[in-house]
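Notes for the one structure printed next.
The values are calculated or read from the model by the stated rules, or taken from the named source; none is laboratory data. None of these values were measured; they are calculated from a predicted model. Every residue, glycine among them, receives a Cβ derived from its backbone with ideal geometry; neighbour counts consider all protein chains shown. Just the protein is used for accessible areas: all its heavy atoms, side chains included, with ligands, DNA and RNA removed. Shrake-Rupley method; radii C 1.70, N 1.55, O 1.52, S 1.80 Å.
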Amino acid sequence: STVVVVLITSLVAMAINNEPNIRISSVEAKTISLKLNNVAGKVEVSIKDAYGYIIYSEDMQKVISSKRYDLTLLPIGDYSFEVESETKVKTIPFSVTLNKVVVKDNADESVYFKPVVRLDGDFAYITKLSLKKEKLKISLYDTNSNVLYNEELKDKMDLGKVLNLSKLAEGNYRLILKSEGRAFEKTISVKEQKAELI
């Protein structure tokens, strides 16, 4: 458990240093400006409606990204920008009115920390920062969709689990992590007694 706590602490530090800086502001009429600074890896930007349906999505990979979105075709209603990076998802709500786009204040923004998987030798280290004490369900499946491992972690702000992969036969395995209505899938490939994420 000490190793897991240390790993979570280092992942949080990494998240703070490597996460993109996000700024959204109304520019004119129904146009919004999105600015991302410190983009180290892949960042996915989505616009969702009030029901959570994605109406637009794109990837950004530049060190500094800036883009304007013309939202004149969107019907009046509530929407959100969702910016997903390697370790977290930031949601920024906005509304479309008859004449303009209104970006909600910072209090309405939310940040969801994604579960992180790291392999080291025969072990898979699974960690998640859970500031609202949200649950994390961990499931491991073989190629025939048989459940090899299933557990739900809860009641902690720093969730963590270490899976021993040394007894797995060669092949690909699906690791599914579910939390707060979100699901994340990783494929673990075991070859010649060595595991790697693919």
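Summary table
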item	result
Residue satisfying all of: in the stretch 173-182; open to solvent by 70 Å² or more (accessible area, probe 1.4 Å) and either part of a strand (DSSP E or B) or free of Cβ contacts under 8 Å to residues at least 60 places away in the same chain (or both); nearest to residue 119 (Cα to Cα) among these	174
Which listed residue, of 17, 38, is of a type in the set (S, T, N, Q), at pLDDT below 75 and at positive phi	38
Which numbered condition residue 103 misses (of (1) open to solvent by 50 Å² or more (accessible area, probe 1.4 Å); (2) closer than 30 Å to residue 70 by Cβ)	(1)
Pairs where the first residue, in the stretch 91-118, is closer than 18 Å to residue 72 by Cα and the second is outside any strand (DSSP E or B) and acidic (Asp, Glu), C-beta under 9 Å, 6+ apart	93/108; 93/109
Residues (at pLDDT 85 or above, surrounded by fewer than 16 Cβ atoms within 10 Å (Cβ to Cβ) and either within 19 Å of the chain's Cα centre (by Cα) or within 18 Å of residue 42 (Cβ to Cβ) (or both)) located in the stretch 106-122	110, 111, 118
Residue in the stretch 167-184 that is small (Gly, Ala, Ser) and at positive phi present	yes
Answer residue from the stretch 118-167, given it is among the aliphatic types (A, V, I, L, M) and outside any strand (DSSP E or B) and is nearest to residue 182 (Cα to Cα) among those	131
Residue tally, condition surrounded by fewer than 19 Cβ atoms within 10 Å (Cβ to Cβ) and either aliphatic (A, V, I, L, M) or more than 20 Å from residue 150 (Cβ to Cβ) (or both), over the stretch 123-137	3
